[in-house]
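Asks: Dropping a structure here in structure tokens format, bear with me for questions.
The values are calculated or read from the model by the stated rules, or taken from the named source; none is laboratory data. The model shown is predicted, which means the values in this text are computed figures rather than measured ones. All Cβ positions, even for glycine, are placed from backbone atoms using ideal geometry, and neighbour counts span all protein chains on display. Calculation scope for accessible area: heavy atoms of the full protein, side chains included, ligands and nucleic acids excluded. Shrake-Rupley method; radii C 1.70, N 1.55, O 1.52, S 1.80 Å.
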Amino acid sequence: DAGITQSPRHKVTETGTPVTLRCHQTENHRYMYWYRQDPGHGLRLIHYSYGVKDTDKGEVSDGYSVSRSKTEDFLLTLESATSSQTSVYFCAISEPTGSYYYEQYFGPGTRLTVT
Amino acid sequence: GENVEQHPSTLSVQEGDSAVIKCTYSDSASNYFPWYKQELGKGPQLIIDIRSNVGEKKDQRIAVTLNKTAKHFSLHITETQPEDSAVYFCAASTGGNQFYFGTGTSLTVIP
């Protein structure tokens with residue numbers, strides 16, 4: 001499981017409230033990602049990080065922000081949650097395989113419901 | 001950017017039969033193609049991958065084929081078992097840190 005944990009695993013929140021999801025890894029991986037998973041859409045990239053304080057946007061970044069102040073933690077924040085952000089959120093890391101290629105591994109996910 | 005299409009979205013097979021899931025990609029620069037299995041309530045797990053310099057790769061009952069000319073790759077599961085029931089995702093990468101996923105195939109193996 002590449003040493004990835006996510007917290008909380010389940011959360012229900014109300015529209016308009018801020019929410020922060022945490023991804024923690026124990027194996028010093030440089031690259032970390034946040035995806036959302038919705039029926040019919042597969043996995044879509046929200047934000048990713050290539051090092052401490054180095055982050056970039058993915059294809060569905062609107063309404064989300066991230067921070068990475070330590071190698072092991074990558075936080076995803078919904079500043080003001082909306083019902084369209086109800087989803088399952090996955091954190092991932094990628095690690096080099098000794099050449100140009102990277103393998104990606106996922107955490108267990110956080111199910112977020114915005115009412 | 002890369003566009004990955006996956007078919008079928010659902011697949012039911014009898015136990016012991018084979019299952020095939022197909023994906024196409026659009027970016028000819030993609031050169032790494034992983035497959036993931038996701039069981040209910042869990043994160044996707046990497047089960048097999050193939051790189052562009054290889055046409056086929058096999059691991060026990062699972063095999064993946066790649067046709068770079070046609071830009072498609074497939075997952076083959078032989079002698080299916082009930083524990084193979086899951087959602088399977090294909091993905092494509094240009095070899096760096098950007099991964100593009102298909103929309104998933106829900107496989108049901110009927111005992």
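Asks: Using unit Cβ charges (K, R positive; D, E negative) and no other charged atoms, how large, in debye to the nearest 20, is the dipole of the stretch B:1-53 about its Cα centre?
Replies: Numbers: 4 positive and 7 negative charges, 20 e Å.
That gives a dipole near 100 debye.
Asks: Where q = 0.15, 0.17 Å⁻¹, what log10 of I(q)/I(0) comes from the Debye formula for the protein assembly as shown, counting one point per Cα?
Replies: Ignoring solvent entirely, the Cα scatterers give -0.99, -1.23.
Asks: Hey, got the dipole for the protein assembly as shown? About the Cα centre, +1 on K and R Cβ, -1 on D and E Cβ, debye to the nearest 20?
Replies: Values: 20 positive and 25 negative charges, 56 e Å.
Its charge dipole is roughly 260 debye.
Asks: Further question on the same structure: Tell me, how many Å apart are the Cα centres for the stretch B:1-21 and for the stretch B:41-111?
Replies: 9 Å
Asks: Kindly write out, for the stretch B:47-64 in residue order, the coupling ³J(HN,Hα) from the Karplus curve 6.51 cos²θ - 1.76 cosθ + 1.60 (θ = phi - 60°), rounded to whole Hz, with x marking Gly and Pro.
Replies: Here the 3J(HN,Hα) series is 10, 6, 9, 9, 9, 5, 8, 10, x, 8, 9, 10, 9, 6, 8, 10, 9, 10 Hz.
Asks: Taking amide hydrogens as modeled 1.01 Å from N in the peptide plane, which residues meet the under 5 Å criterion relative to B:GLY104, leaving out close sequence neighbours?
Replies: The list, which skips near neighbours in sequence, is B:CYS90.
Asks: Which of the residue pairs B:LYS37/B:LYS57; B:LYS22/B:LYS71; A:LYS53/B:LYS37 have a Cα-Cα distance greater than 21 Å in the structure shown? Don't skip to the answer; put the middle values down first.
Replies: Working: B:LYS37/B:LYS57 17 Å; B:LYS22/B:LYS71 11 Å; A:LYS53/B:LYS37 32 Å.
The pairs that break the limit, which is 21 Å between Cα atoms, are A:LYS53/B:LYS37.
Asks: Can you compute the radius of gyration and Dmax for chain A, using only the Cα atoms, both in Å?
Replies: 13.6, 46
Asks: Now for a separate question. Ignoring ligands, DNA and RNA, how do B:LYS57, B:LYS42 rank by accessible area with a 1.4 Å probe, largest first?
Replies: Details: B:LYS57 85, B:LYS42 110 Å².
I get B:LYS42, B:LYS57, largest accessible area first.
Asks: Would you mind computing, in nm to one decimal, how far apart the modelled labels at A:THR20 and B:THR108 are, each placed 7 Å from Cα along Cα→Cβ?
Replies: Modelled inter-label distance: 4.3 nm.
Asks: Determine the order of A:ILE93, B:ILE62 by accessible area, beginning with the largest, at a probe radius of 1.4 Å.
Replies: Details: A:ILE93 0, B:ILE62 40 Å².
From most accessible down to least: B:ILE62, A:ILE93.
Asks: Normalising by the residue count of chain A, find the relative contact order in percent from Cα pairs under 8 Å and 6+ residues apart.
Replies: 35 percent
Asks: Using only protein heavy atoms and a 1.4 Å probe, report how much of B:SER18 is accessible, in Å² to the nearest 10.
Replies: 70 Å²
Asks: So, one more: Of the listed peptides B:95-105, B:3-13, A:6-16, what is their order by residue-averaged count of other C-beta atoms within 10 Å, with the highest listed first? Could the numbers behind the result be given before it?
Replies: Values: B:95-105: 20.4, B:3-13: 14.8, A:6-16: 13.2.
Descending mean neighbour count gives B:95-105, B:3-13, A:6-16.
Asks: Can you work out the Karplus-derived ³J(HN,Hα) for every residue in the stretch B:23-32? Use 6.51 cos²θ - 1.76 cosθ + 1.60 with θ = phi - 60°, whole Hz, and x for glycine or proline.
Replies: Working through the residues one at a time gives 9, 10, 9, 10, 8, 5, 7, 5, 9, 9 Hz.
Asks: Let me ask something additional. Using protein chains only and a probe of 1.4 angstrom, how many square angstrom of B:SER85 are accessible, to the nearest 10?
Replies: Number for this one is 40 Å².
Asks: For the stretch B:46-111, give the percent of accessible area contributed by carbon and sulfur heavy atoms, probe 1.4 Å, rounded to a whole number. List each step's numbers first, then the result.
Replies: Details: 1400 of 2880 Å².
So the carbon and sulfur contribution to the accessible surface is 48 percent.
Asks: Across the stretch B:90-101, in residue order, what do the Karplus-derived ³J(HN,Hα) couplings come to in whole Hz, using 6.51 cos²θ - 1.76 cosθ + 1.60 with θ = phi - 60° and x for Gly and Pro?
Replies: Working through the residues one at a time gives 9, 8, 9, 9, 7, x, x, 10, 9, 10, 10, 10 Hz.
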